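The structure appears right after this line, and notes come after that.
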Amino acid sequence: MKGILREEVFGTLADGRRANLYTISNGRGMEAKVTNYGGIVTSIKVPDRDGKPGEVVLGFDSLEEYLGPHPCYGATIGRFANRIGSARFVLKGKEYRLTANEGPNHLHGGRKGFDKVLWEAETILSEEDTSIRMRYLSIDGEEGYPGNLSVSVTFSVGEDDTLKVDYSATTDQSTVLNLTNHSYFNLADGGSGDILGYELQVEANFFLPINRAALPLGPIRGIAGTPFDFRKPAPIGFRIHEKDEQLLFGEGYNHTFVLLGKGQPPARAATVRDPKSGRILEVFTTEPGVQLFTANFPGDMFRGRGGGFCPSRGGFCLEAQHYPDSPNHPEYPSTVLDPGEIYRQTTVYKFSSE
Ligand code: GLA
């Protein structure tokens, strides 16, 4: 494919190392920007129904803003996306204690997760795709996890207006692993309006109810008759304000849906339509779950691009992943990676318009 790749300096980290920004476009109006700081997708531009390209993710244009506090905008999350209860787990008879960075629990890989490290990047031009591959070696004991883990994440922009994210990893000791991307989408204009009117469909009959700390209770729960029923397309905001215990605990949607499909090839997880711009996002993944997060926490945590305003619920995340707290739930699909095995996950974000 005749994709276009541009590499530029994004900024300098406190220790003097340089982070780059890579722009990948497909020559047909879709363009994605990714930095090797945190494996962060900083921007995705795709055409609306009139063919006008526009921003569809929340994010920043400067490295400095990503070095400050932000709710994981666009980042690669690891070693373990989402929460691990009491920041501990037992693997092969041994207890591991992780960094507790959300009260007593562990969230998104700890204090310095994969979203805050510098990855080594290389560019790849193939017949089909234009890609950036990023590698990171997470050393034994990092944030409390066992084993030296060698991780690679490849971002590819395809001719069919897709951003494909392929993850792979190997380890020299048994460990647990759950990688995802934390992009917040705003299909209208990248953030100046809320996402409550977007129509969402999720390929799930069950979700994972949570406690007040957003940890899964354990058993899966049927969505029929609940505000979690997105089997048919429904506006994200249709039932979000109901006095439902789960919505109160999550302050909105902050829940994992149990996907109908899993494994290769990536199966459809969710479809979102913005009736105003006509833009459509389809998410396909190999993972057993998808976390819907509707940017719930008000205050100044959510900031707009260029210092601009970001309204409450100005973005939604569909984080394709394993179930939260899996290492403490033997009944959930396993997140253990043993030496000699290769971890793989693929998630595809496909854009179109109508
Ligand atoms: C995930 C979590 C949320 C929040 C965001 C990042 O979606 O489930 O509770 O922590 O990440 O701020």
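Values quoted throughout were computed directly from the atomic coordinates according to the rules given, and no laboratory measurement underlies them. Given the structure is predicted, the values throughout are model-derived calculations rather than measurements. As a convention, Cβ positions derive from the backbone with ideal geometry for all residues, glycine included, and neighbour counts pool all protein chains shown.
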Residue check, residue 54 free of Cβ contacts under 8 Å to residues at least 60 places away in the same chain, away from the ligand (no atom under 16 Å from the Cβ) and either touching a Lys or Arg at 6+ places or on another chain (Cβ under 7 Å) or over 15 Å from residue 187 (Cβ atoms) (or both): no
Given (1) away from the ligand (no atom under 16 Å from the Cβ); (2) assigned to a strand (DSSP E or B), index of the condition residue 106 fails: (1)
Boolean, residue 318 is in contact with a Phe, Trp or Tyr (Cβ under 8 Å, 6 or more places away or on another chain), touching a residue at least 60 places away in the same chain (Cβ under 8 Å), of a type outside the set (Phe, Trp, Tyr) and within 13 Å of the ligand (Cβ to nearest atom): yes
Near pairs, Cβ below 6 angstrom, 6+ apart or cross-chain, from the range 181-199 (more than 16 Å from the ligand (Cβ to nearest atom)) to any residue that is not in a loop (DSSP other than H, G, I, E, B): 187/279; 189/54; 190/55; 197/235; 198/272; 199/235; 199/273
Residue count, the range 277-292 (criterion: in contact with a Lys or Arg (Cβ under 9 Å, 6 or more places away or on another chain), closer than 17 Å to residue 164 by Cα and not polar (S, T, N, Q)): 6
Members of the range 270-293 that are within 13 Å of the chain's Cα centre (by Cα), within 16 Å of the ligand (Cβ to nearest atom) and of a type in the set (A, V, I, L, M, F, W, C): 283, 290, 292, 293
Of all residues making up the range 21-56, the number that are touching a Gly at 6+ places or on another chain (Cβ under 9 Å), part of a strand (DSSP E or B) and farther than 14 Å from residue 162 by Cα: 9
Condition check for residue 300: of a type outside the set (Gly, Ala, Ser), loosely packed, with under 14 Cβ neighbours inside 10 Å and either farther than 27 Å from residue 41 by Cα or within 16 Å of the ligand (Cβ to nearest atom) (or both): yes
Residue check for residue 177: touching a Pro at 6+ places or on another chain (Cβ under 9 Å) and away from the ligand (no atom under 13 Å from the Cβ): no
Residues of the range 117-135 satisfying the condition of being crowded, with 19+ Cβ neighbours inside 10 Å and polar (S, T, N, Q): 130, 131
Flag if residue 79 is touching a residue at least 40 places away in the same chain (Cβ under 8 Å), touching a helix residue (DSSP H, G or I) at 6+ places or on another chain (Cβ under 9 Å) and more than 16 Å from the ligand (Cβ to nearest atom): no
